[in-house]
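What follows draws every value from the coordinates through simple rules; no lab data is involved. Everything quoted here is computed from the prediction, not taken from an experiment. All Cβ positions, even for glycine, are placed from backbone atoms using ideal geometry, and neighbour counts span all protein chains on display.
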Amino acid sequence: MKPPLVIGHEMAGIVEKIGAGVDGFVPGDHVALNPVVACSECTACLRGRYNICEKATIIGFRLPGAAQTKLVVKQKQLHHVPPTIPLHHAALAEPLSVGVHAVSRASDLEEVLIIGGGTIGLCVLAAAKAAGAARVTVVEPVPSKRALALHLGATAALSPDEPVAERFFSTCFDIVGRPATLGLAEGSCMSGGVIVVVGTAFGFSEVNTPRLQRYELTLLGSSIFVDDDMRQAIGILASGLFDAEAFITGQRSLDEAFQAYADASDPANVKTMIRMGNN
Ligand SMILES: [Zn+2]
């Protein structure tokens, strides 16, 4: 991202005005934003896989984002949110959609491992529980995040120096993307299990192809989400089964935005929300 771009891609708000031809929304509607602007023409888009559009641009990355008091977007980027969901909870619809999509890539949720318990790892946990996952183990170095994982329904929350059962888990999510975490996912997957790569923040990792072949492991990627994932995420938020308030470790006004970013750099914090207006 290059300044002076306005950042912000996890957002909820209230419709203030509608343009000509808008038929799905009226002023006063509560909405959440799908920030993925797909081309609708490439091979991925033609198959309905807008999340992997070859020409996608993201609101808040290459297009002006939501960290401002007013944002103009096309109606196809918006989802209705029930007004019973507080707006600071509704803003979690975006990261929760990433979790819903990652879980949709897997089919056997009997014994789930999630490596990394930050925002996205915890959203994968919430989505897995909502999808009926029987048991979920989270590996995370920060104690407060391990406690939150247990609060959100994890069966176990391990620190990275604790042993993880080998060839035990039906689906392993690597949220971190280090060589060590992909290696842990591969070694923890049961015969015939699935590894879903959700995070790649640390670049390239080697794959143990003999192990992949010997145990018929499936290695999958998961990227952003599609509209149906966001509808499901809003459903999870509306269900009340997901403790969104516990997820939000801080709220700041726009005047305190600098402090909000300082808060967010503390590893113990999960999600800091900034209120852009008075809502
Ligand atoms: Zn496309």
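Some notes on this structure:
- Relative contact order of the range 106-221, defined on C-alpha pairs under 8 angstrom at six or more residues apart (%): 24 percent
- Efficiency of FRET from Cβ geometry, SER144 and LEU212, R₀ 45 Å, rounded to 0.05: 0.80
- Relative contact order %, the chain, counting alpha carbon pairs below 8 Å whose residues are six or more apart: 16 percent
- The mean of 1/r over all pairs of different alpha-carbon atoms in the range 160-279, once inverted, gives a Kirkwood hydrodynamic radius of 17.3 Å.
- FRET efficiency for the ALA165 to SER239 pair, using the beta carbon distance and R₀ = 30 Å, is estimated at 0.45.
- Taken about its Cα centre, the chain carries a charge dipole of roughly 500 debye when the Cβ of each Lys and Arg holds +1 and the Cβ of each Asp and Glu holds -1.
- Aspartates and glutamates whose Cα lies under 14 Å from that of LYS55, excluding same-chain neighbours fewer than 8 positions away: GLU41
- By the count of neighbouring beta-carbon atoms within 10 Å, fewest first, SER170, SER40, SER222 end up ordered SER40, SER170, SER222.
- Footprinting exposure proxy ranking of ARG47, ARG231, fewest other C-beta atoms within 10 angstrom first, gives ARG47, ARG231.
- For the range 138-147, putting each phi into the Karplus relation 6.51 cos²θ - 1.76 cosθ + 1.60 with θ = phi - 60° gives couplings of 10, 10, 7, x, 8, x, 5, 6, 5, 4 Hz, in residue order, rounded to whole numbers and with x for Gly and Pro.
- Projected over all directions and averaged, the alpha-carbon convex hull of the chain occupies 15.2 nm².
- Approximate spin-label separation LYS2-ARG231, in nm, with each point projected 7 Å along Cα-to-Cβ: 3.9 nm
- Model label points for ASP23 and SER265, set 7 angstrom from Cα along the Cα-to-Cβ axis, are 5.0 nm apart.
- Dipole moment magnitude, nearest 20 debye, the range 106-221 about Cα centre, only Lys, Arg, Asp, Glu C-beta charged: 180 debye
- Above-threshold pairs, the threshold being 31 Å between Cα atoms, out of LYS74/LYS129; LYS76/LYS129; LYS74/LYS145; LYS70/LYS129; LYS2/LYS74; LYS76/LYS271: LYS74/LYS129; LYS74/LYS145; LYS70/LYS129
- Distance in nm between pseudo-label sites at HIS80 and GLN68 (7 Å out along the Cβ direction from Cα): 2.8 nm
- Protection proxy ranking of 157-167, 188-198, by the mean of other Cβ atoms within 10 Å over each peptide's residues and highest first, is 188-198, 157-167.
- Note on the range 106-221: Kirkwood hydrodynamic radius from all Cα pairs is 13.7 Å, rounded to one decimal.
- Report note on the peptides 119-130, 83-94, 26-37, 65-76: ranked by the mean count of other C-beta atoms within 10 Å, highest first, their order is 119-130, 83-94, 26-37, 65-76.
- When shorter helices are ignored and each DSSP H run of at least 4 residues is given -39500 (n - 2.57), the per-residue value for the chain at 222 nm works out to -8000 deg cm²/dmol.
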